[in-house]
Amino acid sequence: MSGPAPEATEQAPVPDVFDPRQYAQGIPHDRYRHLRDHRPVAWQEEPEVLGWPAGPGFWAVTRHADAVHVLKDSSTYSSHLGATQIRDPDPADLPFIRRMMLNQDPPHHRRLRMLVSRAFTPKRVDRFAAVVRERARSLLTRAVAEARATDGTCDLVARVTDDYALLNLTDLLGVPDSDRGLLLHWTRRVIGYQDPDEAGTPVPGPDGKPVNPRSPASLRDMFDYAHSLAAHKRRHPADDVMTALATDPELTGPELEMFFFLLVVAGNDTVRSAAPGGLHLLAGNSDAYRRLCNGEVELTTTIDELLRRHPPVLTFRRTATQDTELAGTRLRAGDKVVVFHASANHDERVFPDPYALDLSRTPNPHISFGDGPHVCLGAHFARLQLRALYEETCRALPPSRLHLAAPPRRLVSNFINGMKSLPVRVADR
């Protein structure tokens, strides 16, 4: 890693958008705006924080056009060289981490994407639509009834959205009911590793440094389970994604492990983060919520606008493969380049009045599901779930009965835009 270009060190300090603790207070839109206006490709220090060691620093990309360019140009901005998390993995773990589809570049990435696409077909996903809708209805009905029987408040994360995302994913994968808690445990361990509430105190390795939750040692229990489940599916095939993967002759054992890891973690947390974020926005914008429930705006544009305002993923990292220039800033081969999705989604150069919640906004070229070769493979399933959830929320909690009871508790993370709780009041007022 070469560090910042010489001219960058001569400029005034820039706002920090790295520290994961600030995201527990909300997305730092004021800092993003400053960077977009003055330093759209800005060098960020990477100090030790929350027990995790310091890193060499990276370039923060905050404008929409530059973010899209980085995501699309995989020959210049690689997912493979240093993987896709801001923190550098242990060099000994890097070959293992590169086996995941997220951490590969074309053409190898294309082969794996085609393999998993055969299992994750829109036709298979659409068959779950009725189950997904009934689950949204039953979870909301139970949550509202419990709230009315007590103090009139409920936590939509604990009572609705965590279970909703998890149960939908396990249905699609074909995970037995008895094992569903394992998936939430693995998600919290991998995604919430920066948050002491989710992951606890980092576990030190032999060298005294925290063990990366994405290291082979940390994932062994998940991989053992994946092989056990795959063996079960070969003996008892069903119409689910794990059966399709387990019986695909082109898929190797290590590839199966990494697909399971990707689907369990990314597949769960995309909706687990997006759903409460969207509900929070609707509860806090009564006029927009009323228009949605009255059928004055389309669900398609509503989902895109809620995803734009609350993207489930905050950042993705690439590594420069060569010396290059981005937005007038010189980058060197080996530099880390990090796209900030929430900033790009609020870029005034692309989105008029970007902080307004406009449920009929069109066009809406947000990058909440990424762009380029790594655009989210599960976007169709995520949209299906969000559509059912928002429609059923309108039925269970019409505008007169959905009110924020307290600010949400947010995940300590510069990667996932998560909510740990969303307290609402469900009574008329």
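The table below lists the values:
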{"item": "So residue 347, is it over 20 Å from residue 262 (Cα atoms), in contact with a helix residue (DSSP H, G or I) (Cβ under 6 Å, 6 or more places away or on another chain), of a type in the set (D, E, K, R) and modelled with pLDDT under 95", "result": "no"}
{"item": "Members of the range 221-245 found to be in contact with a helix residue (DSSP H, G or I) (Cβ under 6 Å, 6 or more places away or on another chain), surrounded by fewer than 19 Cβ atoms within 10 Å (Cβ to Cβ) and within 25 Å of residue 128 (Cα to Cα), listed by number", "result": "234, 237"}
{"item": "Subset of the range 353-373 [open to solvent by less than 30 Å² (accessible area, probe 1.4 Å) and under 30 Å from residue 75 (Cα atoms)]", "result": "364, 366, 367, 368, 369, 370, 372"}
{"item": "Which listed residue, of 110, 99, 33, is open to solvent by 20 Å² or more (accessible area, probe 1.4 Å), modelled with pLDDT of 95 or more and either part of a helix (DSSP H, G or I) or of a type outside the set (Gly, Ala, Ser) (or both)", "result": "33"}
{"item": "Test for residue 379: is it within 14 Å of the chain's Cα centre (by Cα), surrounded by fewer than 22 Cβ atoms within 10 Å (Cβ to Cβ) and of a type in the set (A, V, I, L, M)", "result": "yes"}
{"item": "Qualifying position, being more than 21 Å from the chain's Cα centre (by Cα) and assigned to a helix (DSSP H, G or I), among 92, 136, 158, 147", "result": "147"}
{"item": "Residues of the range 75-93 satisfying the condition of being touching a helix residue (DSSP H, G or I) at 6+ places or on another chain (Cβ under 7 Å) and of a type outside the set (Phe, Trp, Tyr)", "result": "79, 80, 83, 84, 89, 93"}
{"item": "Residues of the range 50-76 classified as under 23 Å from residue 20 (Cβ atoms), modelled with pLDDT of 95 or more and not in a helix (DSSP H, G or I), total", "result": "9"}
{"item": "Leading residue by the ranking (surrounded by the most Cβ atoms within 10 Å (Cβ to Cβ)) among those in the range 120-162 that are closer than 15 Å to residue 385 by Cα and small (Gly, Ala, Ser)", "result": "136"}
{"item": "Filter result (closer than 30 Å to residue 407 by Cα, among the charged types (D, E, K, R) and open to solvent by 10 Å² or more (accessible area, probe 1.4 Å)) within the range 246-285", "result": "272"}
{"item": "Residue in the range 27-37 that is under 26 Å from residue 333 (Cα atoms) and either free of Cβ contacts under 8 Å to residues at least 12 places away in the same chain or among the β-branched types (Val, Ile, Thr) (or both) present", "result": "yes"}
{"item": "Scan of the range 29-67 for residues that are closer than 19 Å to residue 365 by Cβ and in contact with a Gly (Cβ under 9 Å, 6 or more places away or on another chain), ordered by number", "result": "40"}
{"item": "Lone qualifier among 4, 47 - being within 22 Å of residue 88 (Cα to Cα), in a loop (DSSP other than H, G, I, E, B) and at pLDDT 95 or above", "result": "47"}
{"item": "Enumeration of residues in the range 374-402 that are under 30 Å from residue 339 (Cα atoms) and of a type in the set (D, E, K, R)", "result": "383, 387"}
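The values are calculated or read from the model by the stated rules, or taken from the named source; none is laboratory data. Remember, it's a predicted structure, so these values are computed and weren't measured experimentally. Please note: Cβ atoms are built from the backbone with ideal geometry, for glycine as well, and neighbour counts cover all protein chains shown. The protein model used for the area step is the full one, side chains on, heavy atoms only, and it has no ligands, DNA or RNA in it. Shrake-Rupley method; radii C 1.70, N 1.55, O 1.52, S 1.80 Å.
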